[in-house]
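Here, each number is a calculation from the coordinates, and none is a lab measurement. Note that the coordinates shown come from a computational prediction; the quantities given were computed from them, not determined experimentally. In this analysis, Cβ positions are derived from the backbone assuming ideal geometry, glycine residues included, and neighbour counts consider all displayed protein chains.
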Amino acid sequence: MTQIESPKIVKKKLFSPIWLLPVVALILGAWLGVKSIKESGIEILIHFPSATGIDIGKTLVKYQGLTVGKVTDIGIDDDLKGVNVKVIMDYRADPFLNKNTLFWLVKPKASITGVEGLDTLFSGNYIALQPGDGRSATVFEAQREAPAILPGSEGLMIELKSPKLGSIDVGSPVFYRQAPVGSIVSYRLDGNKQIIISAFVQEQYAHLVNKDSHFWNVSGLKIDASLAGIKVSTESIASILAGGISFDTGSYTEKAQNGDIYNLYEDELTAIGGVQFSLTASSSEDVNEGTAITYRGIVIGEIEKVTLTDAGVQFIARVEHHYKALITSDSQFWISGAELSLKGVKNVSRLVTGSVINVLPGTQVTEEPMQFELASHAPDLLSQDKLKLTVVATTHSGVSNGAQVRYKQLPIGQITSIGLSKDFSTVEYSIEIQPEFKSLLTKGSFFVPESAIAINASLEGVNVKTRDLTTMLEGAISLIPGNSEMLLSANSTLTLHESVESAQTLYAQQQLTPFTLTSIDGADLAEGSPIYYKKMQIGSVNKVNWLAKTDKFNIDINIDNKFVPLIKPTTVFWRNDAVAINASLAGVDINVAPLKGAINGSITLGHIDDKVDTANNQPNLRLYDTKSLALMQAKVINLTLPVSTKVAEKAAIRYQGHKIGEVSQVKLNQDLTTLNAQAYIYGHYANHFSASDTEYFIVDAQISLAGINAPETLLTGPYIGVIPGNSTEIIDNFVAQPHSSFEATVPKDALAFQLVDDQLGSIKVGTPLFFRGIKVGQIDGYRLDDSGTEITLFAHVNAEYGHLINQTSQFWDASGIKLDVGLFSGAQLETGSLETILAGGIAFATQDTTSDSNRINTTDRFPLHENMQEEWSQWRPTQAK
């Protein structure tokens, strides 16, 4: 039977993936559409007076050089008053398109002030944009000119009021002290009486403009012609061609802000003003237009106008604003001309230039217009409270009684009397200072006489300066104020110095403390050589003095007072080399002194270790050759050497091989038979080697059959050896011997004694002592007695052999070879060891055993026999202890 399969039921899927494709395509299409609409640009309309210079599809809209739009169409407006320019703006420019946004056409423009829009010669005209605020807009009115402040410009914008424009134009420069700091950006009429000029000052110069600054026109040329000559004034060539404006800073009270308004004056004199007032007199004799108004000889103003009135003559005067404080309601004016007297002619120049008007300042200040009476003579000032002082000088300066006392060439008083002091040691000048100048006289002030003629001659030429005729005839003294704020009281005494330089020198010397250094030579120093501490100058050399008696030098130095605390018991001084070279395996160190020190020489101050013992707690004022000698506080000694000595400078001074000093200078004495060596002994050894019985001797190589003594001197050269003394007497002059009489090292526990002979023979320091052929000691030194007949040999026996020697010992010379030839006995030859043949030697024998009764001491003396006796060889002490 056929089996029928049951059908399978499959559920239909609700969503097929194939539908994703149209969905994605729909979303992509929508996004592209929105993007296309968004980036299609923003259409705006700009109204221009004309379409000149604007082309469809070519003219661009730019903002700070970046293209943000393009002209797409141009049409005439409905009122026939201009054209409407359609512009498609970049969609990213939407934030800039606001109600107050400005548009203007940029095209090339040439004028006297310069060329604008030069880039349009290559790229063509374009429309510039300046973003503004307000609500969003699409319709704009184009500007006929570029705005005052262009995009990206920072600075100060101010306005100037003027009755006329003159030669000022857009672009005219704004000057400050003839330096351009800004420019004129625009101007406009304000009603029918004045013009408002907009000026821009660059940001870096904006701080120069204050609330009370003054502005004036500097356009063109200003020519002032008079009998005194022709004066031509101009700010710069640019201001001649394009006009210009200049200003001052005012009183620096409050900085200007954008929009501040100032008056534009016709010229500088009018701008900076000053004070104007009138003077009245019965006649105009000696006073005309242009007559100078002076204060203490300084011209502070002039007469501008002379008019006739019912009461007499009226003079309109103006004083420069720098001196307006001198004009107060109680100021006094008088005419002053040339004066003829027995002393001569005063103010002789006024015979040519005419009289002047002098002013005496008052104290009352008022804002009301001022009118003064012009007097014919100076007011009586005797009632004023003058300051009376006494000026003292070592010699009379030549000034006369009645001569002026001046400050910066202005008279501030006069000399009332001249005389000698009570002890006749100084010259005293009584002076009176005008009340208004009392504040100039402070503690530390002094006076100097003025020279009628000053001549300064140099390689560049001769410069001659002369004073006025009054100074030549009467003389004058000038005040040099002190730095103190303490005012001087009446009857104080001041000094009249010869010149400012001498006063400064005296003051500088008062700030210095003198010291005197001792030196073995001049140290290559001169007056003015610097003194350094840690490479900083703290003083200088005043003088170098040679002391003939001692052949040494005293070096006078001055130390600045503030560095005097550096001078203490641990202070040392040393000279500086111009170039110091220190070469070693580690490298080469070159130290070059400062130029001034290298030329004139220099000194360095330093300090030794505080632990070093210093005598008498006083500073060490010796000048050392080197820093190392100074830090060791080396002592100077003088050595007298034989003329044949080969010891040179820098030769060492040694004790038992240890360097304890060095030779600094060697020179031939006047007797031509000896040398004088100046040497240094290092400080911590000085006391040991300065005793009067200290022995100095020359160590040089000695070559003999026994060997070479001091072989190191073959390379280094001879040096000085020394043996310390025991005396308490300290000296610094020694005579060095050709060789040591006592040089060998003696052990502390050795048994020392002396041998006596009439000949030294081959015996030297180090010659051994033998006992039965065994070396038991040696010769330590020798000395010729004062009589010249005996030689004392200093010897010792080592401690372990001390029992072999006593009062019964006998000594003989065992050196070399001894030959005894007889007629019948024949020849007999005696020799010792090879060492005694070459180097010599001394042998001894002892008869009795050593005991307390026959022990020897260092002062015992034994004769040195020439030969050994036969019986000595038979001595054999029974006991040795």
Given R₀ = 35 Å, what would the calculated FRET efficiency be for residue 72 paired with residue 31, taking r from the Cβ atoms and rounding to 0.05? 0.85
Residue 334/residue 388 FRET efficiency (R0 22 Å; Cβ-Cβ; nearest 0.05): 0.30
Hey, could you grab the Kirkwood Rh for the range 617-704? Inverse mean 1/r over distinct alpha carbon pairs, Å, one decimal. 14.1 Å
With a Förster distance of 56 angstrom and the Cβ-Cβ distance between residue 207 and residue 139, calculated FRET efficiency to the nearest 0.05 equals 0.85
With a 10 Å radius around each residue's Cβ, average the other Cβ atoms per peptide and rank 389-402, 195-208, 542-555, highest first. 195-208, 389-402, 542-555
Order by neighbour count: 158, 316, fewest other Cβ atoms within 10 Å first, most last. 316, 158
